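Working notes, structure below.
The values are calculated or read from the model by the stated rules, or taken from the named source; none is laboratory data. Note that the coordinates shown come from a computational prediction; the quantities given were computed from them, not determined experimentally. A quick note on method: Cβ atoms are made from the backbone with ideal geometry, for glycine too, and the neighbour counts reach across all protein chains shown. All accessible areas refer to the heavy atoms of the entire protein, side chains included, with ligands and DNA or RNA removed. Shrake-Rupley method; radii C 1.70, N 1.55, O 1.52, S 1.80 Å.
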Amino acid sequence: MSTIDLIILGSLCQSPKSAYDLQKQIEARNLSRWIKIGSFTVYKKVVQYEAKGYVVSETIKNGNMPEKTLYTITPEGKEIFKGWMIKFSLAETRVFLDFNAVIVNMALIDESMANECIMNIKNSIQNTKMQIMEQLPKHKDIPLFGRTILEQQFMLLETLERWEENFEKEFEKVTGEK
C-alpha cells in the first residue's frame, strides 16, 4: 500500500478510467511533481488491483478508435480505499527532501563544491516556489482539495527558504572558522 495506490483507487472511485486516463489525471492534478509515477506503474497497479478483486476491467471499442480497457472499482475496492484513507490519515508525517541526502554528505566534499550544492538547493527551492506562485492564480477554479495542496507546498517552500538562509549562514560560520 502506497500513496500511489490511494491516488489511483481514489480516481477510480470518481469514475471508470483506462490506465492512460488515470495517468493523464495524475499529470493534470500536478501529482506527478511530488509522486514519481509513470504510465507503466499505473498499468501494473490496475492489473494488480484486478487480480485482488479491487477493480474489474472491460475492453471497449469506440468507432475507429483502438480498443481500450476501462477499470471500474468494485465494492471491495471501495472498502479497501476507505480503509487506506483512514490508515494514511493516521500515519506519521514524514518529510524527506531529496536534497537532505546532499546535506548529510556535505562534510565529504570541499568547500567550493559544498557552496555550489548549497546554491543549487537554494535555486531549486526558489524555482519551485516561483512555479507554484505562477500556478496558483491560474488554478483558482480548481476544487479546494487540489488548491489547498498547492498552497501547502508554497508555504512549505517559504519555510524551506528561511531554513536554507539559516543553513547558509551557519555553513559560512563553520567554514570561516577553519
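Take each of the peptides 106-113, 127-134, average the number of other beta-carbon atoms within 10 Å over its residues, and list them starting from the highest.
127-134, 106-113
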Please report, in debye to the nearest 20, how large the charge dipole of the chain is about its Cα centre when each Lys and Arg carries +1 at its beta carbon and each Asp and Glu carries -1 there. 840 debye
Take residue 97 and residue 120, extend 7 Å from each Cα along the Cα→Cβ direction, and tell me the distance between the two endpoints in nm. 1.5 nm
With every protein chain in place, what's the accessible area of residue 67 (1.4 Å probe, Å², nearest 10)? 130 Å²
With 0.36 nm assigned to each residue of separation and the Cα-Cα distance removed, residue 52 to residue 24 gains 7.7 nm
Please list the non-local residues whose amide H lies under 5 Å from the amide H of residue 74, H modeled 1.01 Å from N, same-chain partners needing a gap of 5 or more. 55, 56
What net charge is computed for the residues neighbouring residue 59, neighbours being all others with C-beta under 13 Å from the C-beta of residue 59, Lys and Arg scored +1, Asp and Glu -1? -1
Can you pull the one-decimal nm distance between simple spin-label points at residue 65 and residue 128, each 7 Å off the Cα toward Cβ? 3.6 nm
Leaving out ligands, DNA and RNA, what percent of the accessible area of the chain is carbon and sulfur, probe 1.4 Å? 56 percent
For the chain, with +1 on Lys and Arg beta carbons and -1 on Asp and Glu, the positive-most of 12, 105, 123 along the dipole: 12
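In terms of solvent-accessible area of protein heavy atoms at a 1.4 angstrom probe, what is the ranking of 98, 5, highest value first? Before the final figure, lay out each step's value.
Numbers: 98 120, 5 10 Å².
These residues rank, largest area first, as 98, 5.
Per residue, what accessible area does region 83-178 have, given a 1.4 Å probe and all protein chains present, in Å²? The partial results should precede the final answer.
On the way: 7280 Å² over 96 residues.
I get 76 Å² per residue for this part.
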